[in-house]
Amino acid sequence: MTAPYLIPPLARWLGCQRIDLAECASTNDEAGRLARAGARHGTIVVANAQTAGRGRDGRTWQSPPGMGLYLSAILRPPLPLSDVPPMTLAIGIGLCDAARATGAAVTLKWPNDLLVDGKKLAGVLVESQSQGGKLEAVVIGIGVNITGRLPAEVAASAVTLEDAADSEIDREAFIAAVLAQVEHWVDRYVAMGLEEIIPAWQDRMALGLRARATIDGTLLTGIVSGLDDDGALLLLGDDGALHRVRSGDVAIVEVIGPTVAAEPQRASC
Ligand code: BTN
């Protein structure tokens, strides 16, 4: 059965120009090239497969043909360079809402992952281009596992949207939902800043996770406990202290409880 989408509001500028590719190395590389050549704000690149899909910290993003959404967008927001990294949080909220509209119980893991029961559904990769300290463009890369049998390397730690929603996903309807929701949250972040999106991110964050992070060179394990006002992750360490994680990555050690607070609602527009 196809997921019963209610039609999301359409994006106004995100996806105003769309380039579809059967295959490329990485849609972020393609979008980066287009951005340097002057492509307009809102241009997107969607590939059916990537041969060198990448994630944060140089990780590989498995991108077999037809199994995922591999999408990159070029944004030209009026922001200083220093305001680009938290944009990941805004994009995560939008992507989470689009995925939840399928009925999947999706949560957010800091800073850029979407999870279902502690398994990775999607990731966001934000890269910026600047000249003389001035932001020229932001390339946002979105990867979502949608369908099929996951590659062996990630099968134990990842999940597809079809499995999570227990229904068939209409790829184009899902892309439309992603574009509309991501546009909405990016617009909010650009217009109103981080304080406008922190509560929304916290509402969607994965609960019940024991995780590991490196803070100032020290490896620390604790319970994921919230998001600070500046977008840093709060980790209640095994030492009893509340620690702030501002950069790097957070690895899940164990799922110790329900990861969602309540049943996610299907979209009602
Ligand atoms: C992560 O989880 O670290 C981020 C993964 C981002 C993957 C997407 S797929 C589309 C775009 N092209 C890439 O090479 N990466 C991003």
| Quick one: is residue 15 more than 11 Å from the ligand (Cβ to nearest atom), among the small types (Gly, Ala, Ser), outside any helix (DSSP H, G or I) and touching a residue at least 60 places away in the same chain (Cβ under 8 Å)? | yes
| Given the residues 114, 135, 81, 121, which is the only one that is in contact with a Leu (Cβ under 6 Å, 6 or more places away or on another chain), at pLDDT 95 or above, surrounded by fewer than 17 Cβ atoms within 10 Å (Cβ to Cβ) and of a type in the set (A, V, I, L, M)? | 81
| task | Can you confirm whether region 160-180 contains a residue that is surrounded by fewer than 18 Cβ atoms within 10 Å (Cβ to Cβ), at pLDDT 95 or above and within 23 Å of residue 111 (Cβ to Cβ)? | result | no
| query | When region 224-239 is examined, which residues are found to be assigned to a strand (DSSP E or B), within 20 Å of the chain's Cα centre (by Cα) and without any contact (Cβ under 8 Å) to a residue 60 or more places away in the chain? | reply | 225, 226, 234
| query | residue 42: in contact with a Cys (Cβ under 7 Å, 6 or more places away or on another chain), farther than 14 Å from residue 124 by Cα and at pLDDT 95 or above, yes or no? | reply | yes
| Among the residues of region 61-92, how many are among the hydroxyl-bearing types (Ser, Thr, Tyr) and in contact (Cβ under 8 Å) with a residue 60 or more places away in the chain? | 3
| Can you find a residue in region 183-195 that is modelled with pLDDT of 95 or more, within 16 Å of the ligand (Cβ to nearest atom), of a type outside the set (S, T, N, Q) and surrounded by 18 or more Cβ atoms within 10 Å (Cβ to Cβ)? | no
| query | Failed condition for residue 96, given (1) in a loop (DSSP other than H, G, I, E, B); (2) touching a strand residue (DSSP E or B) at 6+ places or on another chain (Cβ under 6 Å), with all others met? | reply | (1)
| query | Looking at 104, 90, which one is modelled with pLDDT of 95 or more and part of a helix (DSSP H, G or I)? | reply | 90
| Complete set of residues in region 115-136 that are within 15 Å of the ligand (Cβ to nearest atom) and in contact with a Lys or Arg (Cβ under 7 Å, 6 or more places away or on another chain) | 115, 125
| Within region 36-64, which residues are within 7 Å of the ligand (Cβ to nearest atom), crowded, with 17+ Cβ neighbours inside 10 Å and assigned to a loop (DSSP other than H, G, I, E, B)? | 53, 55, 61, 63
| message | One residue is enough: does region 59-67 have a residue meeting the conditions more than 26 Å from residue 163 (Cβ to Cβ) and assigned by TED's automatic domain parsing to the domain that holds residue 175? | response | no
| field | Pair list, Cβ < 9 Å and 6+ apart or interchain, from region 155-179 residues that are of a type in the set (D, E, K, R) to residues that are in a helix (DSSP H, G or I) and at pLDDT 95 or above | value | 168/162
| message | Tell me whether region 159-167 contains one or more residues that are more than 13 Å from the ligand (Cβ to nearest atom) and part of a strand (DSSP E or B). | response | no
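The values are calculated or read from the model by the stated rules, or taken from the named source; none is laboratory data. The structure displayed is predicted, hence computed values, not measured ones. FYI the Cβ positions are ideal-geometry reconstructions off the backbone, even for glycines, and counts take in every protein chain you see.
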